[in-house]
Amino acid sequence: MENRIPPFLLRPPAEPTEQGRGKVRVSFVDRGVRHAAKVVSDAYVQWELASREGLLQKIDARVKLFFLLSFVVVVSLKREIGAETALGGFIFLLAAVTRVPFAVYCRRVFFFGFLFGFLVALPSSLNVITPGRIIIPLLTFPEAYEAGGYHLSWHLPRQIGITEEGMRGVLLLTLRVVNSLALSFLVLFTTPLPEIIRGLKVLKVPDVFIVMLTLSYKYIFLFAQTVEEVYRAKKSRLAGGLKGSSGREWVAGRMAFLFRKTQMRCEDVYKAMLGRGFSDEVRISGFRKLSSRDWMAGAAFAVAGIFFLLL
Amino acid sequence: MHVPDGYLSPQTYVPLYGVSFVFWSIALRKMKRELSSRSTPYLAMAAAFSFLIQMLNIPIPGGTTGHAVGAGITALLLGPWTAVIAVSMVLIIQAIVFGDGGITAIGANCFNMAVVMPFVSYWVFRLVRGKATGERRLSPAAFLAGYTGLVAAAVVTAVEFGIQPLIATGADGRPLYAPYPLSIALPTMALEHLLLFGIVEGVVTMLLLKYFLKHEPGIVYTVKEA
């Protein structure tokens, strides 16, 4: 039997990107869809992981918040590569014994650590920024150059290369960034966000601020889905590309639409709050008493924190 | 522009937490006085709006895309003190949930993007606009407000980075935190924001304000105030 399906339907679907001159360009609609989808998927992943059973998941959010804040400060105070390495070892060991998906956790920590720690700091290993013993020579000029004065001076030595002192600085900074990220993600992977926000109460953060943070997070999640839907609706109606100026106008119009939508939602929420008897006073209650396990974990974290501080 | 953990020394991030705390306290008191019980959902809404602005990519001439911080337009639409709380909440959520910006650096990030940026944008807008009400004056005022606000925040961030090699060094003189001196941090941050990101921020601020002035001028703080 003859195939009656029109040929254009038999063709594979078009790529979500447009071809530029020799390179692939991702349209702003695709970027928007990806960004919005990432916010929603990150929130789902966080909820999923935080609800698993594991060593840290069983501990009260307030204790974990204390652990996070004290250890982040300890990480920022350490000045030696050895101490930072030991701290990193301790954090990753904790992550391994807690039931977090270790590969996903490491990928996230090292990706951001590499980006914000190593890559950003790498040029500082050059002798132009950190003078010292050159271990990898890169360039040699006929003579040295000097410009500017005081703290805004530029000195270009005759030979440019990576110094030993510079590499030590890059390593220290990278370890510090990696350790801080490892701590943040460890607590995030083992604690539902509303619990983390409620836990801020132990830091004497005003209740009204905590409620606002919780509400904003819920709004963000809700409206991130709206943004994704808006972008997808636009994408599905685009036969070709969207010109720069009309694209900018469209984005501005959608931002304004979001503003109106958030305002309307705000009114609805306020009416609902009044309907439930809200009397202009925000009070967070319902914290359970810390169990002996929480106290033991808190004590263990305190001892470990003091140990690493003195290391 | 989000400062990660590890780049600022305690002698920088602790005072910046203090400064941000002062601004949060004043802003919360002002909000409660002006909006009463409505302030809680209102500020949460403003925060969600600031966050969402950062999700929308805008095409820039030259074939690339970028997103705005949104602190400037939030200040123009809702007022600078509302912007302080709204943008701060976004930055706190970004630091805790998405690892975007450090936890020790929350004070610094809030000072740069939730204090410096909204106030600079707001005052630049007021100065450039003068007493004019027409679009011919308001549009450039909005562009400059967004542009200058972001560049000012970038310059303050660059100074915070640039002073690290001066105030926190090891026994051998090696920088322990952000390694780049002012002579590198300042021109690098200033140039990329003057030539690229500032333009995106300015365009978003101008287009959004233009849209609101055309369709709903009554809800724009800077128009209501005039």
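The values are calculated or read from the model by the stated rules, or taken from the named source; none is laboratory data. Note that the structure is predicted; figures quoted are calculated from it, not measured. Quick reminder, even Gly has a Cβ in these numbers, built from the backbone with ideal geometry, and neighbours come from all protein chains shown. Ligands, DNA and RNA are stripped out before the accessible areas are found, and what is left, the full protein with its side chains, is counted by its heavy atoms. Shrake-Rupley method; radii C 1.70, N 1.55, O 1.52, S 1.80 Å.
Computed values, structure above
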item: Value of D in µm² per second that Stokes-Einstein yields for the range B:10-225, Kirkwood Rh from Cα pairs, at 20 °C (1.002 mPa s); result: 120
item: At least 20 Å along the helix axis (C-alpha) and Kyte average at least -1.0, DSSP helices within chain B; result: B:10-35, B:39-55, B:80-97, B:135-162, B:198-215
item: Inter-chain shielding of A:217-225 (mean C-beta neighbours from other protein chains, 10 Å cut-off); result: 5
item: In the range A:49-148, the GluC sites (Glu not before Pro) that fall in loop regions by DSSP, at most 16 other Cβ within 10 Å; result: A:Glu53, A:Glu80, A:Glu143
item: Reach of A:Lys289 by Cα under 18 Å, taken over lysines that are not fewer than 8 positions away in the same chain; result: A:Lys58, A:Lys64, A:Lys201, A:Lys204
item: The range B:10-225 - percent of accessible surface contributed by carbon and sulfur, probe 1.4 Å; result: 67
item: The range B:1-160, accessible area per residue, ligands and nucleic acids excluded (1.4 Å, Å²); result: 30
item: Average beta carbon contacts from partner chains per residue of A:259-268, 10 Å cutoff; result: 6
item: Carbon plus sulfur fraction of accessible area for the range A:158-257, probe 1.4 Å, in percent; result: 58
item: Qualifying chymotrypsin sites (Phe, Trp or Tyr not before Pro) in the range A:87-167, DSSP loop, other Cβ atoms within 10 Å at most 14; result: A:Tyr150
item: Accessible area that becomes buried as A packs against B, both chains, 1.4 Å probe, Å², nearest 100; result: 6800
item: Highest-first arrangement of B:69-76, B:180-187, where packing means the average Cβ count within 10 Å; result: B:69-76, B:180-187
item: Distance between modelled label sites at A:Leu156 and A:Ala144, nm, 7 Å Cα→Cβ extension; result: 1.5
